Amino acid sequence: MNLALLLACLGRFSQPASAQSNNAAAYTWTTLAGYPGVGSADGIGSAAEFNNPTGIAVDRAGNVYVADTFNDTIRKITPAGLVSTLAGLPGSYGSRDGTGSTALFDLPSGIAVDSSGNVYVADTSSCTIRKLTPAGVVTTIAGKAAITNSFGQITGGSADGTGTNAQFYLPRGVAVDGAGNVYVADSGNSTIRKITPVGTNWVVRTLAGSVQQVGSADGTGPSALFNSPSSITVDSAGNLYVADSYNHTIRELTPVGTDWVVTTIAGMAMVEGNQDGTGTGAQFYFPGGATVDSAGNLY
């Protein structure tokens, strides 16, 4: 996956329009923060500005955390609509750890928050997973910062291991469970990864998918195949759900002993559409986000 494809995945280039569903639920929509247009201003409600945000997470107090992708920052929105920048510096990108604006990100996309208020970020173009504490301290918990070569291609890897010995390739989605394990949709590798805290270290292993082998096979571990998975979420039972973007499907990963079994629960591989229905009778079009509620409903 090169830089042009990455930017397409993150929204720099638009995907073709598709038909809209006529089945509208009784939801009322309001704008919590931001104003149409591009910027990076903090403030309340429409006084705040963002630049192509692609990931959100909500904590127990109702605060919303935003991966403000093209500003290369992490933002917070209180229930009152007050927006502040927690980490990163608008207009400056990189892969530097630090506190607040001294930390740098490079097209962050996926974001998750744990019960202690720690925020985890898929720092996509740096090919790393970052942690942001409530005190505003950013550290890299796994992965080694990538570089872009003269052809505009981002160099990454797929190695399992501890901390910076592990490698990712354009990770786009993160989720965290009640035990503090972090799960990653490693989009460029078309794999699903797990990062386990062990003391002060973070150990990475691949749960499912085969490195850069694109497909849509169900199965166990490496026998399962994905196609640029972009988002991941975890339920209270420890099952994972993945928006498998380029397959236009939703996948489930179930732990069975030390293995993970992958099944397709909705959509049909490589069939684009906007059809409601059951299982393969439903259709999606580049699904890019997934979350699950306490009752087990998946959105």
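The values are calculated or read from the model by the stated rules, or taken from the named source; none is laboratory data. Worth saying up front: this structure is predicted, and the values here are computed from it rather than measured. Backbone-built Cβ (ideal geometry, glycine too); neighbour counts: all protein chains shown. For the accessible areas, the whole protein counts, side chains as well, though only heavy atoms, and no ligand, DNA or RNA atoms are used. Shrake-Rupley method; radii C 1.70, N 1.55, O 1.52, S 1.80 Å.
Things to note:
- Neighbours of P134, meaning other residues whose beta-carbon lies under 14 angstrom from its beta-carbon, give a summed charge of +1 when Lys and Arg score +1 and Asp and Glu score -1.
- With K and R counted +1 and D and E -1, the other residues having a Cβ less than 15 Å from that of K144 yield a net charge of -2.
- Tensor-based shape of the range 62-143 (alpha-carbon gyration tensor, a/c under 1.5 rounded, otherwise prolate or oblate): prolate
- Loop-located trypsin sites (Lys or Arg not before Pro) in the range 35-89 whose Cβ has at most 16 other Cβ within 10 Å (DSSP): R60
- Globularity ratio of the range 210-258, using Cα Rg and 2.2 N^0.38 Å: 1.11
- Computed magnitude of the charge dipole of the chain (debye, nearest 20; Cβ of K, R +1, Cβ of D, E -1): 440
- Per-residue 3J(HN,Hα) values for the range 54-61, derived from phi via the Karplus relation 6.51 cos²θ - 1.76 cosθ + 1.60 with θ = phi - 60°, read 10, x, 9, 8, 10, 8, 5, 8 Hz in sequence order (x marks Gly and Pro).
- Surface composition of the chain: carbon and sulfur atoms hold 53% of the protein heavy-atom accessible area at a 1.4 Å probe.
- Rounded to the nearest 20 debye, the dipole magnitude of the range 16-144 is 180 debye, with +1 charges on Lys and Arg beta carbons, -1 on Asp and Glu beta carbons, and the Cα centre as origin.
- Diffusion coefficient, µm² s⁻¹, Stokes-Einstein with Kirkwood Rh over alpha-carbon pairs of the chain at 25 °C and 0.890 mPa s: 128
- Per residue, the accessible area of the chain comes to 45 Å², computed with a 1.4 Å probe over protein heavy atoms only.
- Cα lying deepest toward the dipole's positive end in the chain, options F105, A175, N274, charges on Cβ: F105
- The range 185-273: radius of gyration over Cα atoms, expressed as a fraction of 2.2 N^0.38 Å: 1.04
- Of T263, T102, T220, the one that fluctuates the most in a GNM where the chain has Cα springs shorter than 10 Å: T102
- Selected from S294, N247, S116, residue furthest toward positive end of dipole (the chain; charges at beta carbon): S116
- Gyration tensor (Cα) of the range 37-183, equivalent ellipsoid semi-axes in angstrom: 24, 18, 12
- Normalised contact order of the range 192-299, rounded percent, pairs of Cα under 8 Å and 6 or more residues apart: 20
- GNM top mover of F151, F105, F50 - the chain, alpha-carbon springs below 10 Å: F151
- Electrostatic dipole magnitude of the range 90-189 [Cβ: Lys, Arg +1; Asp, Glu -1; Cα centre; debye, to 20]: 180
- Under-5 Å amide H pairs with M268, H placed in peptide plane, nonlocal only: F284
- Largest-first principal axis extents of the Cα set of the range 123-267 (Å): 40, 38, 23
- Summing charges over neighbours of Y169, with a neighbour being any other residue whose Cβ is under 15 Å away from its Cβ, gives -1 when K and R count +1 and D and E count -1.
- Dipole-positive endmost among S231, T140, V184 within the chain (Cβ charges, Cα centre): T140
- Most mobile listed residue (A237, A67, A33) in the chain, GNM with C-alpha springs under 10 Å: A237
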